[in-house]
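The values are calculated or read from the model by the stated rules, or taken from the named source; none is laboratory data. Owing to the predicted nature of the structure, the values given are computational and were not obtained by experimental measurement. As a convention, Cβ positions derive from the backbone with ideal geometry for all residues, glycine included, and neighbour counts pool all protein chains shown.
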Amino acid sequence: MHQAKIGIVEDEAVVASYIKSILEKLHYIVPEPCRTYEEAIDMLETEKPDLVILDIQLEGEQDGVMVAEYIRKNIDIPFVFHTANSDDTTLERVKKVRPNAFLTKPFQKKDLVISVELALSNFSKQPPAKSESENDNYLIKDSFFVKDTQYFHKIKFDEVLYLESDGAYVTLFTEKKKYLVRGSIAQYLEKMNSKKFFRVHRSYAVNLDKVDIINTSFLTIKDEKIPISKNFRDDLLTMMHIV
């Protein structure tokens with residue numbers, strides 16, 4: 001389990017400090033803010049943030065829209081624009097890079113918080129990214145965000161032991177904690193897009209790498225017994241190379 005990391009690209013020191021303070025109080029990890037395109041690209045490569053708060057006007061000739069273009073072409077993360085410049089020409093450029101949220105300066109604390117939460121939440125609900133052969137620039141991510149109390153955690157797919165469905169909700173079990181999320185097992189299996197995860201029952205899907213014991217009627221993961229439905233049994237045994 002990892003606390004979400006949020007990068008800030010903002011050429012006004014006072015505004016950058018204000019945003020950083022708000023995010024840190026919400027327990028997000030926040031690297032030092034960037035003021036230029038070059039600093040932003042370096043931060044993206046070295047810090048590997050999960051989301052970026054991005055001003056349009058930056059120091060130098062290259063602006064925040066160019067940073068957004070870099071993100072869309074090279075990195076699979078959401079970003080939130082914030083700017084005092086919202087003229088028609090700027091908005092047309094912004095729309096082409098498909099920001100996950102947009103804030104107009106001056107903004108209130110609650111507006112920033114809502115934009116960050118919506119960007120992380122909606123980004124986590126996106127379908128799996130297409131391959132380059134399908135003319136899509138997104139890379140396949142290995143994690144998603146889950147809200148716990150007032151902020152989001154990043155959970156890597158490999159940390160998930162198994163999933164249990166209960167009506168309109170799914171419980172994600174990790175070694176340290178469990179998370180209740182809205183949705184179906186089918187949606188989360190599609191999101192993870194990994195052969196490691198396999199549905200073994202109408203109400204359960206498991207990470208095959210975490211299975212400790214298996215027979216024809218149940219399996220165990222960390223001493224938790226999980227039923228195997230006859231509808232999935234043969235395919236499961238084949239996936240586990242059991243004959």
### Message
Going residue by residue through region 73-80, is there one that turns out to be within 16 Å of Ala16 (Cα to Cα) and assigned by TED's automatic domain parsing to the domain that holds Phe107?
### Response
yes
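Of all residues in region 148-166, which are modelled with pLDDT under 80 and more than 11 Å from the chain's Cα centre (by Cα)?
Once the filter is applied, which keeps residues that are modelled with pLDDT under 80 and more than 11 Å from the chain's Cα centre (by Cα), region 148-166 yields Asp148, Thr149, Gln150, Tyr151.
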### Task
Select, from Ile221, Ile214, the only residue that is surrounded by 12 or more Cβ atoms within 10 Å (Cβ to Cβ) and touching a Phe, Trp or Tyr at 6+ places or on another chain (Cβ under 8 Å).
Ile221
### Summary
Only one of Ala4, Ala40 is at pLDDT 95 or above and buried (at least 18 other Cβ atoms within 10 Å of the Cβ), namely Ala40
### Task
Collect the residues in region 20-68 that are farther than 20 Å from Val94 by Cα, of a type in the set (Val, Ile, Thr) and part of a loop (DSSP other than H, G, I, E, B), keeping them in residue-number order.
Val30
### Query
Which is touching a His at 6+ places or on another chain (Cβ under 9 Å), of a type outside the set (A, V, I, L, M) and in contact (Cβ under 8 Å) with a residue 60 or more places away in the chain, of Asp50, Asp55?
Asp50
### Query
Can you spot a residue in region 84-105 that is part of a loop (DSSP other than H, G, I, E, B) and touching a His at 6+ places or on another chain (Cβ under 7 Å)?
yes
### Qualifying positions in region 44-65 - more than 19 Å from Phe123 (Cβ to Cβ) and within 20 Å of the chain's Cα centre (by Cα)
Glu45, Thr46
### Query
Could we say that Leu161 is over 23 Å from Phe123 (Cβ atoms), touching a residue at least 24 places away in the same chain (Cβ under 8 Å) and either not hydroxyl-bearing (Ser, Thr, Tyr) or not in a loop (DSSP other than H, G, I, E, B) (or both) here?
yes
### Out of Ala40, Ala101, sole residue that is without any contact (Cβ under 8 Å) to a residue 24 or more places away in the chain and among the hydrophobic types (A, V, I, L, M, F, W, C)
Ala101
### Query
Only one of (1) modelled with pLDDT under 95; (2) within 19 Å of Ala119 (Cα to Cα); (3) not charged (D, E, K, R) is not met by Thr90, so which one is it?
(2)
#### Entry: Criterion (within 21 Å of the chain's Cα centre (by Cα), of a type outside the set (Gly, Ala, Ser) and under 21 Å from Asp142 (Cα atoms)) met by exactly one of Arg98, Arg72
Arg72
